[in-house]
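J.: Have a look at the structure that comes next, please.
The values are calculated or read from the model by the stated rules, or taken from the named source; none is laboratory data. What you see is a predicted model, and the numbers here were worked out from it, not measured in a lab. Here the Cβ positions follow ideal geometry from the backbone for every residue, glycine too, while neighbour counts run over all protein chains shown.
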Amino acid sequence: MSLKTPKLRFHERMESFTFDMIEFAEKYFNNHEKSPEGTIISTLKRRSSSSSSIEYLPKYELLTFSRASVIPTSHIHMNDPENVSIACNNFRDLCKYSRGEMKPEQEAAVIQSIIAYGIEREELRSEIYVQCMRQATNNPSVESLERIWLLLCLCIVAFQPGKNLYKYFYSFLQKSLKLEGKLNQYVQWCLDNCRNNKGTTRRLPPSLVEIAAMKKLGTIVCRLFFLDGRTKAIDVHPRDTAGDAIRKLAERLGLANIDGWSIYVSGGDGEKHVKSHEYLYDIISSWEKKQSKSLLSSSSSSGSHGTLSRKNSQTTSSGDNRFVFRKRLFRNPREIPSDPVEVNLLYAQAVHSVVRSDDYPINEKVALQLAGLQAQVSLGDPQPGKTEFYADIHSYLPQRIAQSQKSSDWVPVLAKAHQQYGTGKTDILAKVWYLTCVMQFPLYGTTMFNVSYRGYWSYGNTLILGVNCDGIAMIKPDDKVILNEYRYCEIESIFLDPSDNFITFNLLRTLPDPHKCFVFETKEKEEIGFLIASYSPVLATWIRDVDSNKKVTYLRKLSFKILKLPLQIKHITSEDRVRLYYNIVHGRRQIIDNDLLRKPVDQGGNFIVSTLRKLNKQKLDKLRQDYGENTETYKGEIKITSDDQQLAMIQGLLEQCMKNNLLLNETYLQLAKQTNDHPDANSRVNLRHWSLLTLFCSVIPPTDKLIRKYLRAHLQRCAIDYITEEGKYARYAERVLCLLKALNNRRRQWPPSKQEVLCTINRRPIYARFHFMDGQFHSLEFDASATASEVLELIKQKIGLKEGAKGYAIYEMLGATERCVNKEEVLADVMSRWERYRQATAAPSTGAPHSHHIFLFKKHLLLDTWIDLTDPVEKELLYFQVLYSLRADKFPVTHTEAVMLCALRAQIELGNFSGLGMDYAEVIEHTLSPRLLTAVTHDSVAMQHQSLFNMDPQAAKESFLTLIKSFPLHRATIFDVTQSFTSNWPKVLWLALDEAGVHLLEHRSRNVLCTYEYNYILNYSASITALMIITGSKRKQSKVILNTTQAFMIATLIKDYSEVVLKLEPQRGGNSAGPPFGEDHRPHSLMDTSVTSLSDVINMLDS
């Protein structure tokens, strides 16, 4: 029985056959025109002659060395015009490089550029190989051949030829074995690396170190560092991954079991785990990319601290970066291995955790016991009088303990500990005792990450997140006390925010813990996510592609439930494929039978000459004027100078289609045509068309019923392919409800913003930051058609609010101006308006800070029955909302109350009173308005703070809120207004709204002038700068006119309060006599139009 791999047997069969490149050229090459007179003359002749007289080069000439540096088009037929242009430029650079017309640094730049294009664009890979093979065939210059074969050697370890070219390239290499000397070694290298079984390509082009090593047909020698300072050098091949390097290192060390051991990259940015499938040469290239400037300035630095060297050459510096080898996964943390090599490595890692990192809550006694064992390992049995061996106390004790005494005082203590705990123990025994002692700590085997908790609880926001084999732990950073622990089986899912440094843990709803969602901010979110996935593969769903049906957000689950779509992937049978095909045929036939299509006329050119729908000449000219060349431009046939221009073009196209249903349906038919049966499903051109179709589906569906039916059949048929990008786009557009969910909502009012365009064409939900009154924010992902009410539920779930919490809303804010977003309003439309406002108000940079729109989450309606202070999250939200009102001077407080509020805030923020030297400036500034800062002295705050000694922070917050309740209108929302309709009242007033009604007060006072209950408000009307309220009964009415820039916000609050209060009044046992007028006693707005957007309000105020 043969033990050879299928790939090896395949190469053995290929060696017995010869595949001629002429055969490949006849199948896949483009026709190249003859241009012996030069490019300018040939262009003039080509324009003056007919197509029938054009002469083309024979295919064999396209396979032999060319002295000309210019080619009219790519050798291999490609669908993307941009790739064709890059191929022509690559050939020009290749010819210059092979002729030796460049400086050494320019040659390296050309090599990196060509290989980078091949890594990035799969369609260009075979073209690069063909160009190199052509210039290497019958090339009379040996130096030129060496340069080309060097490039081929670097290409073959970066990416493989295409599957159609592979056997021809292999035959080409076999024929080239007749070359002699160094060229023969290059050919043999390419042959050897053709047979690699790696399934992935390199991520980055070769570094300068790799290019220099390849010129000598050598490899890079990497030094791997251990946590005790020792190093070991291994020879790393360009196709070696981190897993390969670990196996080589284990073989040199004699390490029997490599399970759980990993390579880390240590540098200025901290330590980062290198995944087993990552190429070490890519890591080295990334170092060079980051340190290109610093390497130039430190070229004379010594190589003794670097991790790289070229084999048989001097060492080169890698800056502060190094490879570190240590244990990553502790699957059995309380088990000491029997392998002495592994014991040595674990001991070195334990010493590093105890002494350098101070990861465990070790007291002085335990620290001395461990120091004695460590000294026995390092020094052997103690020698009387040799106290100088213990002078470096930081090598034995953690900094936290060492700083408690002078260094000279620790030396005899360490000598005594060595004598007491280490004497007589062998090296391996002392290490085992050390490990046994350290393993008693609960945190042994736990990887710790510094994080910031983005939520509300009493432990503070700064803490340590620990990850081990059992689950996750939340640890206090000062004393390493475990606050909370959750096993992996208690975690429902984890989510890594793609836009911010947030990681979210969602717990099972069945747990008794009141917190079901934890959000942490950390730059190491991916390290945490991958580590958890290594311990618990069930929680690795975040790694999978966003199209995976198992990874469905709350909104998507809700949408699938409403529309009754399947969540699980169904096995597609041949009958299903036939059915889906006939659905498309039937949809096309219906469109044709209803005279919606016309036969296209092919007249060439990039302009729209004919449409798929039947249109008269007048409508066709209008469409051509509006539509222009957008489709061809987006496809890449017309050069776009920037991504912003391309995004603006897409936005303009969508805006035109949203205004014209005829144009919208025509565009859908064109996109369906361009995405149907494309010859290269994964080409960049086809993916551009699919991304544009997906964007249209997420924003506005076709208005014609037959076109919608045909479009859905087209998406369903393409969605059965789970491998290609085409299938992923189709599934995103159809199954993730970009199309269907848009059908259930009202029509979008604005074209998508640039952020929404980028997210949708990358098959990602859009995201936004939602700020809170305490200054924190959460970043959320939501569907493009999600309304404010749906996102509101997501926010409540993320911050841990109870499901029945009511009265909250999302506001849009610009500076000090705010507007409550309607519950049925699509948030993507709000973000589009923001972008339009920024573009309209954009001015040359003057250095002054610009205000930006933000989303704000806060309590909108403060009804007594809707406030639950037993919920710690709601209590925190209300506490910071009250603080905001105090700082904005929208709350009347006396001097005594101001002092007491500052003292309570100091107890919450600073803790117990510790002396007369405490600084209260920041506390006072964060509690009171600027008007009251000078009225409150530090001494008065300190006196009150001293009286609150030992008060718990939660009790202080309750006292704070209780003191606020002394004002009868403490739940009211207050606005500054002016009036001129009566001289009995001051000109400047406060208008307060709560569940009792509308109140007018003296400015910055508790004196209520009048109150209008919602039963007695007949109508109200808001304009940009004024608010009119009509009160009374049908017989007698009175009118109140107030001037304010917040008129629309006040009108919204009156409307919302009146609807809720008058609905709840019968439940409270209100006055049975009823209102004094009519049956419908709810106040009505005199405005027929919807509330103006915040951007419009700002613009009208400016004008």
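One line per residue, one yes/no per condition, for (1) over 30 Å from I528 (Cα atoms); (2) buried (at least 16 other Cβ atoms within 10 Å of the Cβ); (3) modelled with pLDDT of 90 or more:
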| residue | (1), (2), (3) |
| --- | --- |
| H352 | no, yes, yes |
| S357 | no, no, yes |
| N363 | no, no, yes |
| K386 | yes, no, no |
| I393 | yes, yes, yes |
| K416 | yes, no, yes |
| K425 | yes, yes, yes |
| L443 | no, yes, yes |
| V451 | no, yes, yes |
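J.: For the range 908-929, give me the residue count where each residue is out of contact with any Pro (no Cβ under 7 Å at 6 or more places or on another chain) and part of a helix (DSSP H, G or I). Explain how you work it out, then say what you get.
T.: Filtering the range 908-929 down to residues out of contact with any Pro (no Cβ under 7 Å at 6 or more places or on another chain) leaves 909-929.
In the following step, the residues that additionally are part of a helix (DSSP H, G or I) were identified as 909-910, 921-925.
Of the residues in that region, 7 qualify.
J.: Next question, about the same structure. Tally up the residues in the range 221-239 that are within 34 Å of the chain's Cα centre (by Cα) and either crowded, with 21+ Cβ neighbours inside 10 Å or under 11 Å from F325 (Cβ atoms) (or both), please.
T.: 8
J.: So which helices (runs of 4 or more DSSP H) stay within the range 102-178 end to end and still have 3 or more residues that are in contact (Cβ under 8 Å) with a residue 40 or more places away in the chain and of a type in the set (A, V, I, L, M)?
T.: Values: elements: 104-120, 125-136, 142-156, 166-175.
Fully inside the range 102-178 and qualifying: 104-120, 125-136, 142-156.
J.: Here's another thing I want to ask about it. Go through the range 972-1016 and give me each residue that's touching a His at 6+ places or on another chain (Cβ under 6 Å) and among the β-branched types (V, I, T).
T.: V988, V1008, T1011 - these are the residues of the range 972-1016 that are touching a His at 6+ places or on another chain (Cβ under 6 Å) and among the β-branched types (V, I, T).
J.: Check the range 634-647 and report whether any residue there is at pLDDT below 90, among the charged types (D, E, K, R) and buried (at least 21 other Cβ atoms within 10 Å of the Cβ).
T.: Yes, some residue in the range 634-647 is at pLDDT below 90, among the charged types (D, E, K, R) and buried (at least 21 other Cβ atoms within 10 Å of the Cβ).
J.: Within the range 132-153, track down each residue that is closer than 19 Å to Y60 by Cβ and of a type in the set (D, E, K, R).
T.: If the condition is that a residue be closer than 19 Å to Y60 by Cβ and of a type in the set (D, E, K, R), then R134 is the only one that fits.
J.: Another one. Report, by residue number, each residue of the range 791-831 that is within 19 Å of V519 (Cβ to Cβ) and charged (D, E, K, R).
T.: Hits for the range 791-831 are E793, K796, K798, K802, E803.
J.: For residues that are at pLDDT 80 or above, in contact with a helix residue (DSSP H, G or I) (Cβ under 7 Å, 6 or more places away or on another chain) and crowded, with 22+ Cβ neighbours inside 10 Å, tally how many sit in the range 720-749.
T.: 5
J.: Next up: Look at the range 872-894 and say how many of its residues are touching a helix residue (DSSP H, G or I) at 6+ places or on another chain (Cβ under 7 Å) and at pLDDT below 90.
T.: Adding up the residues that qualify gives 1.
J.: Take the residues in the range 104-134 that are surrounded by fewer than 21 Cβ atoms within 10 Å (Cβ to Cβ) and among the aliphatic types (A, V, I, L, M); name whichever of them is farthest from V70 (Cα to Cα).
T.: Across the range 104-134, the extreme among qualifying residues is I119.
J.: I've got another one for you. In the range 807-819, is there at least one residue being β-branched (V, I, T), more than 22 Å from the chain's Cα centre (by Cα) and not in a loop (DSSP other than H, G, I, E, B)?
T.: So in the range 807-819, the residues β-branched (V, I, T) come out as 810, 817.
Imposing the further condition that a residue be more than 22 Å from the chain's Cα centre (by Cα) reduces the set to 810, 817.
Filter once more, keeping what is not in a loop (DSSP other than H, G, I, E, B): 810, 817.
Scanning the range 807-819 turns up at least one residue that is β-branched (V, I, T), more than 22 Å from the chain's Cα centre (by Cα) and not in a loop (DSSP other than H, G, I, E, B).
J.: I'm trying to understand the selection: among the residues of the range 97-134, which are within 26 Å of N686 (Cβ to Cβ) and either hydroxyl-bearing (S, T, Y) or touching a strand residue (DSSP E or B) at 6+ places or on another chain (Cβ under 8 Å) (or both)?
T.: S113, Y117, S126, E127, Y129, V130
J.: Here is a list: A809, A805. Which entry is within 24 Å of S753 (Cβ to Cβ) and either free of Cβ contacts under 8 Å to residues at least 60 places away in the same chain or in contact with a helix residue (DSSP H, G or I) (Cβ under 8 Å, 6 or more places away or on another chain) (or both)?
T.: Numbers: A805 fails: within 24 Å of S753 (Cβ to Cβ).
Testing whether each residue is within 24 Å of S753 (Cβ to Cβ) and either free of Cβ contacts under 8 Å to residues at least 60 places away in the same chain or in contact with a helix residue (DSSP H, G or I) (Cβ under 8 Å, 6 or more places away or on another chain) (or both) leaves just A809.
J.: A follow-up question, please. Acidic (D, E), loosely packed, with under 13 Cβ neighbours inside 10 Å, assigned to a loop (DSSP other than H, G, I, E, B) and at pLDDT below 55 - does that describe any residue in the range 35-58?
T.: yes
J.: Which of the numbered conditions does D479 fail, given that it passes all the others? Conditions: (1) in contact with a Pro (Cβ under 8 Å, 6 or more places away or on another chain); (2) surrounded by 15 or more Cβ atoms within 10 Å (Cβ to Cβ); (3) not in a strand (DSSP E or B).
T.: Single failed check for D479: (2).
J.: Which of the following residues is within 30 Å of C517 (Cβ to Cβ) and either touching a residue at least 24 places away in the same chain (Cβ under 8 Å) or in the same structural domain as G997 (by TED's automatic domain parsing) (or both): S959, S947, S929?
T.: Only one candidate qualifies: S959.
J.: I would also like to ask the following. What are the residues in the range 971-988 that are within 41 Å of the chain's Cα centre (by Cα) and either among the polar types (S, T, N, Q) or farther than 11 Å from L1042 by Cβ (or both), if any?
T.: R971, A972, T973, I974
J.: Would you pick out the residues in the range 481-512 that are hydrophobic (A, V, I, L, M, F, W, C) and within 11 Å of K525 (Cβ to Cβ)?
T.: Our first condition is that a residue be hydrophobic (A, V, I, L, M, F, W, C); within the range 481-512, this holds for 481-483, 489, 491, 494-496, 502-503, 505, 507-508, 511.
Passing the criteria: I494, F495, L496, F502, I503.
J.: Tally up the residues in the range 179-206 that are outside any loop (DSSP other than H, G, I, E, B) and polar (S, T, N, Q), please.
T.: 4
J.: Can you tell me which residues in the range 682-710 are under 21 Å from P752 (Cα atoms) and among the aliphatic types (A, V, I, L, M)?
T.: Within the range 682-710, L687, L692, L693, L695, V699, I700 meet the criteria.
J.: For the range 952-972, which positions are surrounded by fewer than 18 Cβ atoms within 10 Å (Cβ to Cβ), part of a loop (DSSP other than H, G, I, E, B) and among the aliphatic types (A, V, I, L, M)?
T.: none
J.: Being modelled with pLDDT under 90 and of a type in the set (D, E, K, R) is true for just one of K198, K175. Which residue is that?
T.: Working: K175 fails: modelled with pLDDT under 90.
So the residue among K198, K175 that is modelled with pLDDT under 90 and of a type in the set (D, E, K, R) is K198.
J.: Across the range 750-775, which residue is nearest to the chain's Cα centre (by Cα) among those that are in a loop (DSSP other than H, G, I, E, B) and surrounded by fewer than 19 Cβ atoms within 10 Å (Cβ to Cβ)? Walk me through how you get there before you give the answer.
T.: Taking the range 750-775 first, the residues in a loop (DSSP other than H, G, I, E, B) are 750-753, 762-765, 772-775.
Next cut, surrounded by fewer than 19 Cβ atoms within 10 Å (Cβ to Cβ) only: 762, 764, 774-775.
On the way: N762: 12, R764: 10, D774: 24, G775: 22 Å.
So the residue we want is R764.
J.: Okay, next question. Which condition number does V377 fail, the rest of (1) under 20 Å from A473 (Cβ atoms); (2) in contact with a helix residue (DSSP H, G or I) (Cβ under 6 Å, 6 or more places away or on another chain); (3) of a type in the set (A, V, I, L, M, F, W, C) being met?
T.: If we test V377 against (1) under 20 Å from A473 (Cβ atoms); (2) in contact with a helix residue (DSSP H, G or I) (Cβ under 6 Å, 6 or more places away or on another chain); (3) of a type in the set (A, V, I, L, M, F, W, C), just (1) comes out false.
J.: Of all residues in the range 693-718, which are among the small types (G, A, S) and at pLDDT 90 or above?
T.: Across the range 693-718, the qualifying residue is only A713.
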